[in-house]
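Right, one structure below, let's go through it.
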Amino acid sequence: MSVVLPVQYQPPLPASMIRRDQPGAEAIELDVLVVGAGPAGLACAIELHRQSPDLTIGVLEKAGALGEHTLSGAVINPVAIRALFPDLKDEDFPFRQRVDHEGVYYLTKDGSTKVPTPPTMQNRGYYAASLCEVVRWLGEQAETMGINLFPGFPAESLFVDGERVIGVRTVPSGLDRAGEPTDVFQEPTDLVAKVVVLAEGSRGALGQAWRSWRGVGSANPQIFALGVKEVWQVTQPLDRIIHTLGWPLPAGAFGGSWCYPMGPDQVSIGLVVGLDYHDATLDVHESLQRMKLHPLFRPILEGGQLLEWGAKTIPEGGFYSLPDRLSGDGLVMVGDTAGFVDVPSLKGVHYAMESGMLAAKAIASALANAGTGDAAALSAYDQAVQASRITSDLRRTRNIRLAFKDGFAVGAIKAGLMTLTGGAFPGDRIAMPRDADVPRASQPPAEPFVPDNVLTFSKVDAVFKSGNATRDSIPSHLIVGEQVPGDVADFYAHLCPAGVYERQGDHLVVNAPNCIDCKATDVLGPRWTPREGGSGPTYRLM
Amino acid sequence: MKIAVCLRRVPDTTTKIVIGADGVSINEAGVKFVPNPYDEYALEAAIALKDAAGSGETIVVALGEDAVQETLRTALAMGIDRAIHLQGKPSADGLENARLLAAHLASLNCDAVLFGKLAVDDYGQQTGAMVAELMGLPCATAVAKLEVSGGRATTEREVEGGVEQAGCALPAVFTCDKGLNNPRLPSLKGIMAAKKKPLDIVPVSAGSGQVAIVSLALPAERAAGRIVGEGAAAVPALLQLLTSEAKVL
Amino acid sequence: MTAILAILEQRNGSLRKGAAELLAAARQVADQGGATVDALVCGHGPVTGLDGLGAAGADRVLVATHPDFANYCPDGVVATVAAIAANYRAVFVAATSTGKDLAPRVAAHLGATCAMDVTSVVMAGAMLRVVRPVYAGRALQTVDLAGTPVVAVRPGSYAGVAAAKAGAMDHVTVPAFTRRLEVTGIRAPEKAALDVTEARVVISGGRGLGDAKNFALLEELAAAFGGEATVGASRAVVDAGWIEHGAQVGQTGKTVAPDLYVAVGISGAVQHLAGMRTAKVIVAINRDKDAPIFKVADFGIVGDLFEIVPALTAAIAKVKAN
């Protein structure tokens, strides 16, 4: 048995993400530029337009169309979308259905025990939804307001001037594998703005670059989980939302599964695992495939059809992993980029939207008062977040996820105490290492999983079901460490749900076009950088 | 040079087809709509023709319900100068739609009217040629090469076993095939500019025509495959199957 | 109902193949309604093969002759059809590149509706009922057509019939027309390498080929198909450097959907299957009878590809030569 320490093989992000040169003379001038058209970015743009209708607002999105890179469970607490659209009723929102029944189960390999629903996990009155659909709907609202949406244009780097962020450069498109322009080459576009809103989602590249440049740390490092999700056409409606703990995850991994009804003939099913797991051969995609054959899930899916597959990381660190600052000169961070996720309640969407709205208010008043987005003016956003339910909710559950770092059994007891005491137990912050600092034990290869192509599927079939639209001949966007040994290649191969990494002999083979932007290896291994717009998955139902 | 392009909004070609409750159309829930891919060749050709001429105007015209305006904006973002939305539900009879288009195109007095060679939803493959016939204009369909000089166009299109070459005087109608060009993607600047370009709305009403859609159905599932035989001796049997049963030769 | 007009194509004085199929479709519909079938051939001189059209189902063969008909002349054909259209209940053409060009012109001229790529046509009361693929064949539409519809019948949809018909010859006058489009000729296609996503036929090779140089076998097979085939490959051999990257089938979510896909020495890793399973017809040639590729293939041959492929190449070349 060997031990893999992921951080040893992890290269840094390129320094070129912070640009000190001038934006081109042709640069597009905006008042506010939002990077990322997810729930946080769109809520920010919409609220900003409400606050100051005269502002020129642009939203960059790396997916070819809105929502195509968006993935969540999702059961949504509607509190934020109601606040964003106070004139609309819940029926007007693009939700699939209201949650009326729920069950939490502890799974063993062959059985399941229903356990009392923890108070943090009660979802009655919330809504099961496809976040893709919610984002598309938000985009339509934004579009009718005159907000400029730019799907298919990923941001590649930040223009800075002194300590201030002044704009963004997009990724060029139409390059061949060697990086040479083809006949459909399109040059990068420069955009300058008084304020740049980073709403890149989980493990955003520019957010990392900005924080490292400005030295913005956090009490604990951010930690992540990887979720793999499928949407199925099913033969009969599911009567409740399901959450599970236990099998198929080993004791040394934190995570669980869900299965949600999405109307009369669809369900979503998924498995989320903290990336601080200890077994180098743990494979979330494969674990989900095995899980679908469990007696709790099999009857739900049997006779049905896999419609769509996807994967995404989730920032799980909670309160102690929030950045020391959410804003700086010319920049704010919202949503998953900032880490506004509450793991015990499995919620993030409404925090993302709320943070976007709070940022919008701070930006609007900064621009109205001073005409610029100075750090001092934008710090009103930090204060607003601190005074909001985002901070109070995350503080209440601040140590619960962290308690599970040494395994599930101990964690469950500690978490129960924390919930009972409203977060007062154990009082102090539980310190966490970065995920990449957690050593992994390489096990001898387990029995290979053979998909049946009916209920279970290989990674490549899964990527096919993500609608991956990447040109095969674009330059690789993944930065891989040098001299990756065989057991580390194996670790990457298991880690990546999309079959990007393979071990051949003692070599690592990288199939970059398979990548569906989940960012799991950006956390633990090879780094992800933005690539040609419209690459990656084309989710419709996630 | 003044060029019009007729544009259709169609489901993305990777859309999983689900038959709608009415049994005659697809269920559009969750479907991504895009400009008809063949129309993108026409849009690119129009922009290139105007650029080559050094002056003129490009106009994109679409018949459809309000959602088609999004598709028109995409054309404007590519670089088309202005858009006309013929606002109304298209007929199931292509001739009725061609009549509406021809009537409006006649008032534009274009040097060229471009279409895609087909729309990837109904595969009707007729509107362009019908419009030409109704307008009394020359028409070359499915062109993979289009050159204009001195008021004349020369074209090439793929036919069985070769490439058919033709020529005609302008004004004329052309329907565009793959291979004509590489359509540009809308640029960021183009998307911004598109918001300010004119998009005129003209309410229209298409006749019901002489077509009634009876049903829309999914094709039969793929039958299980079979081993034809072993070794080179099985080749004649395979060829027989490909010729008479599968009909792909 | 009186008669159906079937417009047949000729090139350089020879009837194009597909005439018998089109007459079979027209014959079946005519027989349903007690009608007759007239075949119309537009040429500039003698056309060979007209004497067989009676046996193929034509009651009458109408010949229209005009100097402009040396090449395809849509304006002239439309004028000719329009002059006699009053006699007909429907006009049939083959949905070839020429037929697809002609059908909507005729329809617009007649004020008629046009149905393209029809795979089945029958009488349904006073209407013609046709079935045609839509959404790239992912759905089938059934449509009733009133008036004097122009129906373009997809090649391969009908088998020829044997009819004891007179096939009496008659000449029709070509009215004066304005030749707006002048077809100047047909040139040979350039021998450009087709992209795997565009070719009608894809011949793909995998590890079973054993060596890069053996791709030559597949190139020969592709060449036998004329300009419509190209060579593809599994990822394994692309990664091995046997063939350039553009030939790869089935890496990401992209697919190839040719009419015919021939997998040679490809075992059928799922990633490959994901990329090609939407092909209309899949042929697999592999030594291992248990290879997964046989599960998705319509037709399989088990055995030594070095024997089978050259035999197939020769057979295809022979078919194409005819």
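We did not get these values from a lab; they are worked out from the coordinates using the rules stated. Just so we're clear, the structure is a prediction, and the values are computed from it rather than from any experiment. Virtual Cβ from ideal backbone geometry, glycine too; neighbours counted across all protein chains shown.
Details
- Packing here is the average count of other Cβ atoms within 10 Å per residue, and on that basis the peptides A:333-341, A:267-275, C:51-59, A:480-488, highest first, run A:333-341, A:267-275, C:51-59, A:480-488.
- Cα-based reach from residue A:89 at 27 Å (exclusive), listing lysines while leaving out same-chain residues under 8 positions away: A:347, A:361, B:32
- Comparing B:201, B:104, B:124 along the charge dipole axis of region B:2-203, the residue lying farthest to the positive side is B:201, per the Cβ-charge model.
- Helix axis angle, C:215-224 relative to chain C longest principal axis, alpha carbon, degrees: 10
- Cβ-Cβ FRET estimate between residue C:32 and residue B:21, R0 fixed at 41 Å, reported to 0.05: 0.80
- The angle separating the long axis of helix C:97-110 from the principal Cα axis of greatest extent in chain C is about 30 degrees.
- Helical contribution to [θ] at 222 nm, DSSP H n ≥ 4, -39,500 (n - 2.57), averaged over the protein assembly as shown, rounded to 500: -7500 deg cm²/dmol
- FRET E, pair residue A:90, residue B:55, Förster distance 60 Å, beta-carbon r, rounded to 0.05: 0.65
- The label-point distance for residue A:29 and residue C:197, in a model that sets each label 7 Å from Cα toward Cβ, rounds to 3.9 nm.
- A dipole drawn for region C:3-172 from +1 and -1 charges on Cβ atoms has a positive end, and of C:23, C:152, C:42 the residue lying farthest that way is C:152.
- Centre-to-centre, using Cα atoms only, region C:90-130 and region A:142-178 are separated by 50 Å.
- Legend: P(r) of region A:242-283 from all alpha carbon pair distances, 10 Å bins from 0, whole percents, reading 28, 44, 21, 7.
- Label-to-label distance, residue C:164 versus residue A:213, with points set 7 angstrom from Cα along the beta-carbon direction: 9.0 nm.
- Average other protein chain Cβ within 10 Å of Cβ, residues A:505-514: 2
- As computed over region C:3-172, the Cα convex hull volume per residue (Å³): 99
- Qualifying GluC sites (Glu not before Pro) for region C:131-230 [loop in DSSP, other Cβ within 10 Å: at most 14]: C:190, C:198
- For the residues of B:205-213, the average number of beta carbons from a partner chain within 10 Å of their own beta carbon is 4.
- Residue-averaged beta-carbon neighbours from other chains (10 angstrom radius) around C:298-309: 6
- Take every Cα pair under 8 Å whose residues are at least 6 apart in sequence, average their separation, divide by the length of chain A, and the relative contact order is 23 percent.
- Rounded to two decimals, the Cα radius of gyration of chain C over 2.2 N^0.38 Å is 1.16.
- Taking 21 Å as the straight-line reach from the Cα of residue B:117, the lysines in range (excluding those fewer than 8 positions away in the same chain) are B:2, B:50, B:145, B:178, C:100.
- Listed from fewest to most Cβ neighbours within 10 Å, the set B:110, C:114 follows the order B:110, C:114.
- Take the Kirkwood radius over Cα pairs of the protein assembly as shown, plug it into Stokes-Einstein at 4 °C and 1.567 mPa s, and you get 41 µm²/s for translational diffusion.
- By DSSP, the beta bridges lying fully in region C:3-172 are antiparallel in about 30 percent of cases.
- Chain A - convex hull of alpha carbons, volume per residue in Å³: 142
- Which listed pairs, of B:247/C:318; A:292/A:459; A:312/A:414; A:62/A:312; A:312/B:16; A:465/C:289, have C-alpha distances above 18 Å, in listed order: A:312/A:414; A:312/B:16; A:465/C:289
- For q = 0.12, 0.22, 0.29 Å⁻¹, Debye-computed log10 I/I(0) when each Cα of region A:196-246 counts as one equal scatterer: -0.55, -0.97, -1.31
- Candidate cross-link partners of residue C:280 among the aspartates and glutamates, defined by an alpha-carbon separation under 13 Å and a same-chain spacing of 8 or more, comprise B:221, B:245, C:259, C:298.
- Sites residue A:504 and residue A:20 - FRET efficiency at Förster radius 35 Å, r taken between beta-carbons, to 0.05: 0.30
- Cα centroid of region B:85-149 to Cα centroid of region A:62-132, whole Å: 47
- Both numbers refer to the Cα atoms of region A:379-499; Rg and Dmax are 21.1, 55 Å.
- Averaging the Cα positions of each part gives two centres, and for region C:253-322 and region B:186-239 these lie 25 Å apart.
- Stokes-Einstein diffusion coefficient of region A:452-542, Kirkwood radius over Cα pairs, 37 °C, 0.692 mPa s, in µm²/s: 240
- Mean Kyte hydropathy of -0.5 or more with a Cα span along the axis of at least 24 Å, helices from DSSP in chain A: A:349-369
- Cα-based Rg of chain B normalised by 2.2 N^0.38 Å, two decimals: 1.16
- Placing a label point 7 Å from the Cα of residue B:233 along the Cα-to-Cβ direction, the residues of region C:285-322 with a backbone N closer than 18 Å are C:286-289, C:300-312.
- Taking the fewest neighbouring Cβ atoms within 10 Å as the starting point, the ordered list for C:308, B:227 is B:227, C:308.
- Chain B: DSSP helices with Cα axial extent of at least 15 Å and average Kyte-Doolittle hydropathy no lower than -0.5: B:37-53, B:68-78, B:94-108
- Estimated Rh, region C:201-321: Kirkwood, alpha-carbon pairs, angstrom: 13.9
- For A:414, B:195, the sequence from fewest to most other C-beta atoms within 10 Å is B:195, A:414.
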